[in-house]
Number of protein chains: 2
Amino acid sequence: MTVAATSPDNTSGLADIFDFKAYLAKAKATVEQALDQSLVPERPESLREAMRYSLLAGGKRLRPILCLAACELAGGDAAQAMPTAVALEMIHTMSLIHDDLPAMDDDDLRRGRPTNHKVYGEAVAILAGDALLTRAFEMVALRSPGVPPERLLKVVGELSLVAGAPGLVGGQVVDLESEGKEVDLETLEYIHLHKTGALLSACVITGAMIGGADDELIAALRVYARGIGLAFQIIDDILDITASSEVLGKTAGKDLIADKTTYPKLLGLEESRKRAADLVQEAKGVLKPWASKAQPLLALADYITSRDR
Amino acid sequence: MTVAATSPDNTSGLADIFDFKAYLAKAKATVEQALDQSLVPERPESLREAMRYSLLAGGKRLRPILCLAACELAGGDAAQAMPTAVALEMIHTMSLIHDDLPAMDDDDLRRGRPTNHKVYGEAVAILAGDALLTRAFEMVALRSPGVPPERLLKVVGELSLVAGAPGLVGGQVVDLESEGKEVDLETLEYIHLHKTGALLSACVITGAMIGGADDELIAALRVYARGIGLAFQIIDDILDITASSEVLGKTAGKDLIADKTTYPKLLGLEESRKRAADLVQEAKGVLKPWASKAQPLLALADYITSRDR
């Protein structure tokens, strides 16, 4: 499977040749199909329904697409990275379900629909999250045919770090503890790098691992991922202020209501926008040595920091 | 590292030679040490505290010990299985933390102490569970030096199944849905095989995988594990009726209060005891071909179905 459109080796005029819109549409369609097939019938059916409800709730599927793109950049076949791409979306979905719980952010709305616990109750929502988290590891370990075990084991290791205390969970705990408090930029970045950045980073790193990336590419992708991860979150903070609930598909102005520290609050709206743009430039710059092969990741960096992503 | 006491190849009079009590004490001590070392300092410290509170709350450590014993039976070094043994206890602990939550079984007491959410609040309890689950996979993937990656990947696969929808989570959902309802023996066994049996089975299977077991031994261990898993749960049901809260370290008579279907309720107390004994005999019988090497697992089968385990 190839997601990227064929592009010539010389790098002049690539903007005209690489059709990012078509790339994105094709990648999203293949990801949606793989997500749909990832949840087989189970007993009880109610558990599967709750898992499907949140996993198949739409969204841009940026995380799986980043994974597939990184795999191809590393010279691998995107199809081999698809189970891991699905696993990443499962971990992302699981963190949303748990974060939305009454005991945490207490959110009623997600992607324009009632949150998981609003539909299935708290118990099943917690368990659906647990099941998606473990299914993610199953996707990598048992449903990734043709990938060498050493690579898959590395992927498991990367996912175990970003989904747990050193990643998503640690970020969420610091976030909860910071609510209603004045936090400094260092703490704010800690929260974002762990809650959002770690998983985004894992997307490109695991994709690259499956594609057989060398250390040089892995190191570059970590810089790339850190940049787009922080930029992504800054944009999120900006959108919370400037967009309506309808556009966001979740409750707008929530950060303000919860008195959360955000980039616009610390740096102002314009400075926040500039910072996001600088981070994206840095992320793109580091991939220059890979030239035209990096086109999808370069375009994705712009895309996730655009106004209407 | 060897947990088992040396025993001669001939099988006569082994009961005198194999000192199970000493075996158990030694194994438990090494497991406690490994558990203690498994949770490094993290940020935030509160998350680590919550994880430690439940992981180091004592208990018989049967699951890790079963894992180490199976590794040695397969001819492996128990030390190589220790990270997986720790992972199994983490998964077990995580399931207890989540099951105890107000949205689920709403338990205040566990192992004689307040449950995790009673001490740290619901949000941190949910997240500590999530963190223990992901740390379990980290233990296997990143902290198991010297074990071939193919074996570790198989272990990850086994754990992903038993901890998720096809195991613990599925069992818990069916259990929750059955509360206050009349359930038949088939559903009762489904719940127990998934909530308790699956993880107990994974203990011996993953230990054997790390030890390099062949298919014949793996198949025998699956039968052994199914037997002791069900017997374990039947005894649990019996203890809930016959023992006090003080002995159990958790609220006694809870099944009766919750009007849960139990083995004693379906079969009577005496028939339940007989059934447990038969299951243990069957479990032990299947390990006969491995003679004296299976001694720890044979003794463990008796131990977990004894009155005062």
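The values are calculated or read from the model by the stated rules, or taken from the named source; none is laboratory data. It should be emphasised that the depicted structure is a prediction, and the values quoted were computed from it without experimental measurement. Counting neighbours? That spans all protein chains shown, and the Cβs are built from the backbone with ideal geometry, glycine included. The area values use the complete protein model at the heavy-atom level, side chains included, leaving out ligands, DNA and RNA. Shrake-Rupley method; radii C 1.70, N 1.55, O 1.52, S 1.80 Å.
Mind counting the residues in the stretch B:194-226 that are more than 18 Å from the chain's Cα centre (by Cα) and either under 19 Å from residue B:31 (Cβ atoms) or aromatic (Phe, Trp, Tyr) (or both)?
Selection size over the stretch B:194-226: 1.
Are any residues in the stretch B:143-163 charged (D, E, K, R) and open to solvent by less than 10 Å² (accessible area, probe 1.4 Å), and if so, which ones? Before the answer, list the steps.
Of all residues in the stretch B:143-163, those charged (D, E, K, R) come to B:143, B:150-151, B:154, B:158.
Scanning the stretch B:143-163 gives no hits.
Does the stretch A:179-187 contain at least one residue that is of a type in the set (Asp, Glu), without any contact (Cβ under 8 Å) to a residue 24 or more places away in the chain and within 18 Å of residue B:47 (Cα to Cα)?
The answer is no, given that none of the residues of the stretch A:179-187 is of a type in the set (Asp, Glu), without any contact (Cβ under 8 Å) to a residue 24 or more places away in the chain and within 18 Å of residue B:47 (Cα to Cα).
If you check every pair at least six apart or on different chains, which have Cβ atoms under 6 Å apart with a residue in the stretch B:129-150 that is in a loop (DSSP other than H, G, I, E, B) first and a residue that is open to solvent by 10 Å² or more (accessible area, probe 1.4 Å) and at pLDDT 95 or above second?
B:143/B:83; B:144/B:83; B:146/B:80; B:147/B:80
Hand me the list of helices (runs of 4 or more DSSP H) wholly inside the stretch A:20-100 holding 3 or more residues that are free of Cβ contacts under 8 Å to residues at least 24 places away in the same chain. Let's see the steps before the verdict.
On the way: elements: A:20-38, A:45-55, A:62-73, A:78-99.
Ranges flagged: A:20-38, A:45-55.
All but one of (1) more than 12 Å from chain A (Cβ to nearest Cβ); (2) buried (at least 18 other Cβ atoms within 10 Å of the Cβ) hold for residue B:32; which doesn't?
The one condition residue B:32 does not meet is (2).
Please find, among B:124, B:173, B:169, the residue that is at the interface with chain A (Cβ under 9 Å from one of its Cβ atoms), buried (at least 24 other Cβ atoms within 10 Å of the Cβ) and touching a residue at least 24 places away in the same chain (Cβ under 8 Å). Quick ask: steps written out before the conclusion?
Details: B:173 fails: touching a residue at least 24 places away in the same chain (Cβ under 8 Å); B:169 fails: touching a residue at least 24 places away in the same chain (Cβ under 8 Å).
Every option except B:124 fails the conditions.
For the stretch B:129-145, indicate whether the set of residues that are under 20 Å from residue B:201 (Cα atoms) and aromatic (Phe, Trp, Tyr) is non-empty.
Within the stretch B:129-145, one or more residues are under 20 Å from residue B:201 (Cα atoms) and aromatic (Phe, Trp, Tyr).
Looking at the stretch A:131-140, is at least one residue open to solvent by less than 20 Å² (accessible area, probe 1.4 Å), modelled with pLDDT under 95 and either in contact with an Asp or Glu (Cβ under 7 Å, 6 or more places away or on another chain) or of a type outside the set (Val, Ile, Thr) (or both)?
As a first pass, look at the stretch A:131-140 and keep what is open to solvent by less than 20 Å² (accessible area, probe 1.4 Å): A:131-140.
Next cut, modelled with pLDDT under 95 only: none.
No, the stretch A:131-140 contains no residue that is open to solvent by less than 20 Å² (accessible area, probe 1.4 Å), modelled with pLDDT under 95 and either in contact with an Asp or Glu (Cβ under 7 Å, 6 or more places away or on another chain) or of a type outside the set (Val, Ile, Thr) (or both).
How many of the residues making up the stretch A:141-166 are farther than 30 Å from residue B:49 by Cα, more than 7 Å from chain B (Cβ to nearest Cβ) and of a type outside the set (S, T, N, Q)?
Final tally of qualifying residues: 6.
If residue B:117 satisfies all but one of (1) within 14 Å of chain A (Cβ to nearest Cβ); (2) under 29 Å from residue B:154 (Cβ atoms), what's the number of the condition it fails?
Result: residue B:117 passes all but (2).
Residues are listed down the side, and each one gets a yes or a no for (1) open to solvent by less than 10 Å² (accessible area, probe 1.4 Å); (2) over 22 Å from residue B:214 (Cβ atoms):
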{"site": "B:56", "(1), (2)": "no, yes"}
{"site": "B:60", "(1), (2)": "no, yes"}
{"site": "B:64", "(1), (2)": "yes, yes"}
{"site": "B:69", "(1), (2)": "yes, no"}
{"site": "B:80", "(1), (2)": "no, no"}
{"site": "B:95", "(1), (2)": "no, yes"}
{"site": "B:101", "(1), (2)": "yes, yes"}
{"site": "B:111", "(1), (2)": "no, yes"}
{"site": "B:119", "(1), (2)": "no, yes"}
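Can you find, within the stretch B:176-193, the residue that is nearest to the other protein chains (Cβ to nearest Cβ) among those that are among the charged types (D, E, K, R) and within 13 Å of residue B:260 (Cβ to Cβ)?
Taking the stretch B:176-193 and keeping what is among the charged types (D, E, K, R), we get B:177, B:179, B:181-182, B:184, B:186, B:189.
Retained after the next criterion (residues that are within 13 Å of residue B:260 (Cβ to Cβ)): B:177, B:179, B:181-182.
Details: B:177: 6, B:179: 10, B:181: 13, B:182: 17 Å.
Checked the stretch B:176-193; the qualifying residue nearest to the other protein chains (Cβ to nearest Cβ) is B:177.
For the stretch B:101-114, give me each residue that is within 18 Å of residue B:57 (Cα to Cα) and at the interface with chain A (Cβ under 8 Å from one of its Cβ atoms).
Start the filter on the stretch B:101-114 by keeping residues that are within 18 Å of residue B:57 (Cα to Cα), which leaves B:101, B:107-114.
Listed by number, the list holds a single entry, B:101.
Residues of the stretch A:278-309 being in a helix (DSSP H, G or I) and small (Gly, Ala, Ser), which ones? Walk me through how you get there before you give the answer.
To start, the set of residues in the stretch A:278-309 that are in a helix (DSSP H, G or I) comprises A:278-285, A:288-304.
Result: A:283, A:285, A:291, A:292, A:294, A:299, A:301.
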